[in-house]
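Quick one: the structure is below, and I'll ask about it shortly.
Computed from the coordinates by the stated procedures, all read-outs in this text should not be read as laboratory data. Because the structure is predicted, anything quoted here is derived from the model rather than measured. Virtual Cβ from ideal backbone geometry, glycine too; neighbours counted across all protein chains shown.
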Amino acid sequence: MTIRTASRLARCRFSRTRHTMPRIAQAACAALLLCLSASLPVRAQQTDAIQGYLQPLVANHTIAGAVTLVANRDRTVYLKAVGSRDLSANAPMSTDALFWIASTSKPITVAAFMMLVDEGKISLDDPVEKYLLEFKGQMVGPRNPDSADKSPAQLVPAVHPIRIREILSHSSGLRFRSAAQPGALDTLTLKDSVLTFAAEPLLFQPGTDYSYSNEGINTAARILEVVSGMPYEQFLQQRLFKPLGMKDTTFWPNAKQIARIATTYKLDPADKLLKPVPVSQLTYPLDDHKHRFPMPAGGLFSTAHDVAIFSQMLLNGGVFRGHRYLSEAAIKQMTTEQNGGHGNTSYGLGLGLNKGSYGHGGAFKNNMDINPATGRILVFMVQQDGPWGTPAGDAIVSTLQKLADQQVTAAAQ
């Protein structure tokens, strides 16, 4: 007889007889039930392999704290926090903690952009210069003779204007960041940022290589503004965040949200301890709307819950709770390789592709991973700058993927 069956039987018998049994017999029956129930935490510990895996990584200073969420197409099946949100304040991590999700902002930006593609207002094969005249006459190179890049030795014209599809898949030749953004990435408006992108030569001929490019995604967001006639951040709020219920996803966390932001840590190589550091790519204070501007390629803050909502919309072919946000054709474009496999990287539109799953990570090691075959979503939220502190760190996401698959399988039974 299993523990679950015995427990149910004991409860049933106790319920039927407790009003007629002598007090001594009632006490004995209650003791039996307590004994059986004492075994249940063991089963719970066995099924919560995620917590059992992450807790030692907190103990050995690989991470300070994290939030892990596992969902299927319809609901969240696992959501727990581990470790600390702020070590110095002795504040435990909470499941509603906010994180700078960095490049996980990219698929959100591209999803918004694809709404305009669905509406026929933009074609993926349109040249960028159709919407942004500053990109006319784009040049390529020159190459640094001491480098291994593929740009020409001298400046040459681009063989074709960079296309929308190329800026969304990192195959346009645009750089990661412009020389006008040596530090923080949120100090220029989108309009001014894009002017600096267009002023620099491309790294390679469009469509012939892969180079991870914040500039490409930011350029797409500027096109979104031009075509929609609406500020990019306002478009996100009205078309995605508000209707989806992503209440904690923002470029400017307010005072209450700032209090929930997970502290960023970086391993000190001298004493092997985690030390708090600011987000160097952003400008403080974070709620400053006057001097901080939205950075579409990596500026959003969010929670595990909000990222999971967005992930469910993607997993369900563009639909969330009965409302369609994107067409199935748009989702297919986003999740199909678009960069020709260059750079040993398989990338769709705003999404990385990996062995049947798709998603995106962030600079501080958070990750969103969606497996359409198993209907599994994994959201791992952590805030750590620099390399992992232990060899086990590099295996965190791949290990969590396997454990998350087990959670979804168990939830379906």
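Please label the shape of the stretch 290-340 as rounded, prolate or oblate, based on the square roots a ≥ b ≥ c of the eigenvalues of the alpha-carbon gyration tensor (a/c under 1.5 means rounded; beyond that, a/b larger than b/c means prolate, else oblate).
oblate
Assuming 1.306 mPa s and 10 °C, estimate D for the stretch 71-189 with Stokes-Einstein, Rh taken as the Kirkwood radius over Cα pairs, in µm²/s.
Diffusion coefficient, whole number: 84 µm²/s.
Just the Cα atoms of the chain, one point each, no solvent: what log10 I(q)/I(0) does Debye give at q = 0.11 Å⁻¹?
Result of the Debye calculation: -0.85.
Find the lysine pairs in the stretch 241-358 meeting two conditions, Cα atoms under 25 Å apart and a separation of 8 or more places or different chains, and report how many there are.
Taking the Cα cut-off of 25 Å, the pair count is 10.
Over the stretch 297-413, what number does the Rg to Rh ratio reach, with both radii from the alpha-carbon atoms and Rh per Kirkwood?
Here the Rg-to-Rh quotient is 0.96.
Ignoring everything except DSSP H segments at least 4 long, calculate the 222 nm mean residue ellipticity for the chain; use -39,500 (n - 2.57) per segment, divide by total residues, nearest 500.
So the calculated ellipticity at 222 nm is -10000 deg cm²/dmol.
Just check the stretch 121-228 against the gyration tensor rule for me: Cα atoms, a ≥ b ≥ c as the square roots of the eigenvalues, rounded for a/c under 1.5, and otherwise prolate or oblate depending on whether a/b exceeds b/c.
Because a/c hits 1.5 or more and a/b fails to exceed b/c, the stretch 121-228 counts as oblate.
At 7 Å along the Cα-to-beta-carbon direction for both His323 and Asn254, put a label point, then send me their distance in nm to one decimal.
2.0
So, one more: Dividing the alpha-carbon radius of gyration of the stretch 103-144 by 2.2 N^0.38 Å (N being the number of residues), what value is obtained?
Relative to the 2.2 N^0.38 Å estimate, the stretch 103-144 comes out at 1.54.
Give the order of Glu119, Glu200, Glu233 when sorted by the count of other beta carbons within 10 angstrom, beginning with the fewest.
Exposure proxy ranking, most exposed first: Glu119, Glu200, Glu233.
Calculate the dipole size of the stretch 77-147 relative to its Cα centre from +1 charges on Lys and Arg beta carbons and -1 charges on Asp and Glu beta carbons; express the result in debye to the nearest 20.
200
What residues have an amide H closer than 5 Å to that of Ala91, excluding those fewer than 5 places away on the same chain, when H is modeled at 1.01 Å from N in the peptide plane?
Distant-sequence amide H within range of Ala91: Arg85, Asp86.
Let me know the whole percent of all Cα-Cα pairs from the stretch 339-402 that are separated by more than 13 Å.
67
Measuring from centroid to centroid over Cα atoms, what is the spacing of the stretch 235-255 and the stretch 312-330 in Å?
18
For the stretch 365-413, taking Cα atoms only, what is the radius of gyration to one decimal and the Dmax to the nearest whole Å?
Spelled out, the Cα radius of gyration and Dmax of the stretch 365-413 are 12.4, 40 Å.
Express in nm, to one decimal, how much length is gained between Asp271 and Leu79 on full extension, taking 0.36 nm for each residue of separation and deducting their alpha carbon distance.
Full-extension gain reported as 65.9 nm.
Additional query: How much net charge surrounds Ala102 when only the other residues with a Cβ under 11 Å from the Cβ of Ala102 are counted, with Lys and Arg +1 and Asp and Glu -1?
Residues near Ala102 contribute +1 overall.
Let me ask another. For the ranges 88-94, 399-405, what's the packing order if you count other beta-carbon atoms within 10 Å of each residue, average per peptide, and put the highest first?
399-405, 88-94
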